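Nothing in this text is a laboratory measurement; each read-out follows from the coordinates by a stated rule. The model shown is predicted, which means the values in this text are computed figures rather than measured ones. Using ideal geometry, Cβ is built from the backbone for each residue, glycine included, and neighbour counts are taken over all protein chains shown.
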Amino acid sequence: MSTAAAPGARRVQIETPEHVRIGYELADLGSRFLALVLDLLLFGLALFVLGLVLPFVLSSFEVSRTLLTWGIAVLLIGFMLGLWLYFSLFEGLAGGRTPGKRLVGLRVIHDGGYPLTFRGSVVRNLIRLIDLQPLGTWMVGGAAMLMTPRTQRLGDLAAGTLVVRDRAKSTLPERAALSGSAAGPPVLTYRQFEVLSSYVSRRTELLPEARARVATSLAASLADHLEERAPVPAARPPGGWRGGEDLRHDGRLVALLEAERPRWHARGEGPTSRSAQAVALVRTQSQRWHDYELLLERAKRGLRRLPEEDLPRFAGMYREVAADLARARTYHGSIELQESLERLVGAGHNLLYRPLGRSWEALRAWVSGGFPALVRRLLPVVALAGLLLFGPMFATYAHVRTDPDVARTYLPVEMISRAENAADRAASGRGYVDVPSGLMPMFSTLLISNNVRVTFLAFAGGILAGLGTAAVLILNGMHIGAVFGLYAHHEASALVWGFVAPHGVLELTAIVVSGAAGLWLGSALLAPGRRTRGEALRRRGREAVGLLAGTTLLLILAGLVEGFLSPAPLPPAVKFGFAALFALTMFAYLTASGRTAEDRELARGIPERSAPSPGAPPA
C-alpha cells in the first residue's frame, strides 16, 4: 500500500538528528473533526456504561452507605474531569493517538518530528478549554486551524505539536522486483525521463494549483507515451484549476515513470548510472531492511520490550537504514523504495527518541524540589497573579461594605439569601454549610472538580496573550471580595471565615500559582525575548505546565480539607489553628525546599527524559 499523499494534501518535511528528511502528511480539518466526534462518542458510551454498571454493582452487594457515596463521588469526578483525562492520558501514553485518532489514522507528534511527550499532551489538551469556545462550538480552534499553515489549533501552537496522518505500511521491494531486468528499450529520451522523475519526486511539495498546471503541461508533452489518450486542456479552465485535473494526469505520469524506470536501470550507463546504483542498493541491502522491519515489529510498544543485547543492534540498524534512505534519494530510487525506507526510518526515529517517561523517583524530585524552585524563579509573575486576584478582592470588599446593595451585581440570589440568614445560622450554632457526614466524599469531590476547573481555565486563558488568565483572576477576586463584604455587612464574618480559613490558604495559593502559569504562557506572545514567539510559547508552555502540576496537588489537598474539615462542627479556634498550620507549612515548602543545584537545574529546564543519540543504545 502506498503512502503517497493525496493530491493537494499539505506535507511537512522534518529533519532527523541523522540529517535525513522525513515527510509527514498533515491531517486536514475534516479528519480531525471526525476523530473528535468518535472520541466523544466513545467517552460518552463509557460514561453511560459506568453510570449503569457502578450503581448496579454497588447495590448488588452489602456495602456501607459511605462506600456507596464514594462510588458516586468517583463517578462524578470522572464525569467532570474525565474528558480532559481521556485525551491527555491516551495521547500522552499511547503514542499521540486516542481511540478516535487511531480509527481515523491520525497521530499527534511534536513539530520537530519527535513523539508526543506527556507534558505536550497536557498542554495541548488544557488549551482545548479555549479552543472549544464559544460555548462548545469549537469556533476558536477551527478558525486557528484554518488560519495556520500547519492546521494547528491554539493547543497545538502552545505545545509545539502537529496532527499528522499515520503512515500506511508499504511493502519493501524484493531483490527480484527491482533487479534491473528491462522490458525493452526506453521510450523516453534522457531529458524526458529526468523531467518526469523530477516532477514525480517533488510533486507533493507543490501547491494544488501549481501541481495541476505542471502535470497538465507535462502530460501534454508526453501524450504520445501515455497509455490513455484523454484530451489535455491547454488553458486554465473556467473557475480555476481543480483537484480533478491533477488526479487525472498525476496517476498517468506516475504509471509512465514506473514503467520506464526498469528500462533505464537495465542500461546502467550515462545519465542513468544513479538509477543503476539504486538497483544495486536494493540488491545488497533488502535483507537488512527486512531484518530491521522485524525488529521494529518486536519493539513497536517501546524499546524496553527488546532484550538488552538487541538494543545496540537496533541503534546500528536504524543508523544504517537512515543512510540508505539518503542514498536512495540521491540515486533516484523508485517511489516505492523511498517511501518504504522513509516509513522505516520514521518508525525507528519515533522509538529511539521516544521519552522514556518519568519514574516515581522523578515525580518525587519534582514535587520536593523542582516545583518550589520554579515558583521562586518566576516570583515576579506569581506576584502579578496575586495582585490580579487580591487587588479586585479587597476593592470589591470595600465597595460592598460601603454599598451593600451593589452585591447583587457580583453574587447570585442564592448567595445573597445565605448571607442574609447567616446571623440566624450562627446564633443557632449551625455552620456556614450543612454537609451530612455520609455525603462528605461527594461534597469534597465536587469541590475538587470545581477548583481544578478554575485553575485549568486560568492556565488555558494564557494562550490569549494572558488576557483570559487576567479575566479569570479578576472575576474570582471580585466574587470572593463580594462574599466577604456581604457577610461582614450582616455581621457574620466569623461564620464564613471559619469555613474558608482551613482550605483557603491552599486554594488561594493554588489559584495564584495557576494564574502565574497562564500569565507566563501569555508572556511568550507579548515579550518572547530573543526567541521567536513560537519557540518562546513552546518553552514557556513546558514551564507553565510544571507550575500547574504543583497546583493540582495543592487543589486535591484543598478539596479534601474543604470537604471534610471546613464544614465539620469544630470550634473556630481549632479551624484557625489548622489554617495557621497550613500557611506556615506552605511558606516553608515554597521558600526552603528546592535549594539544591539539581532542583534549580530542574526548574530552569524541566527536561524530558529521552533516549540518547543513536550512537549508543538507550539505557
**Ranked LYS101, LYS300, LYS575, criterion: other C-beta atoms within 10 Å, fewest first** = LYS300, LYS575, LYS101
**Prompt:** Each label point is 7 Å from the Cα along the Cα-to-Cβ direction; what then is the distance between the points at VAL187 and ALA580, in nm?
**Reply:** 9.6 nm
**Message:** At 0.36 nm per residue, and after removing the present C-alpha to C-alpha distance, how many nm does the segment from SER217 to ALA588 gain when stretched out fully?
**Reply:** 126.1 nm
**Complete:** 1/(1 + (r/R0)^6) with r = Cβ-Cβ of VAL37 and ALA573, R0 = 51 Å, i.e. FRET efficiency to nearest 0.05, evaluates to 0.35
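Below 12 angstrom from the Cβ of ARG533, what's the summed charge of the other residues (Lys, Arg +1; Asp, Glu -1)? If you can, show how the numbers build up before the last one.
Working: positive: ARG530, ARG531, ARG538, ARG539, ARG540; negative: GLU535.
Once all neighbours under 12 Å are counted, the net charge is +4.
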**Request:** Set the Förster distance to 51 Å, then compute FRET efficiency between LEU226 and LEU45 from the Cβ-Cβ distance, nearest 0.05.
**Result:** 0.50
**Distance (nanometres) between label positions extended 7 Å along Cα→Cβ at SER198 and ALA398** = 7.4 nm
**Request:** Work out the FRET efficiency for GLU309 and ALA94 from their Cβ-Cβ distance, taking R0 = 25 Å, and round it to the nearest 0.05.
**Result:** 0.35
**Item:** Hz values of 3J(HN,Hα) by residue in the range 110-123 - Karplus curve (6.51, -1.76, 1.60), Gly and Pro given as x
**Value:** 6, 5, x, x, 7, x, 5, 8, 5, 5, x, 4, 5, 4
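Taking 0.36 nm per residue of sequence separation and subtracting the Cα-Cα distance, how much length would be gained by fully extending the chain between ARG595 and LEU146, in nm to one decimal?
On the way: separation 449, 0.36 × 449 = 161.64 nm, distance 4.59 nm.
Using 0.36 nm per residue and subtracting the Cα-Cα distance, I get 157.0 nm.
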**Message:** If I take every Cα pair under 8 Å that is 6 or more residues apart in the range 515-565, average their sequence separation and divide by the length, what percent do I get for the relative contact order?
**Reply:** 35 percent
**Inter-site label distance for ASP405 and GLU209 at 7 Å from Cα along Cβ, in nm** = 6.4 nm
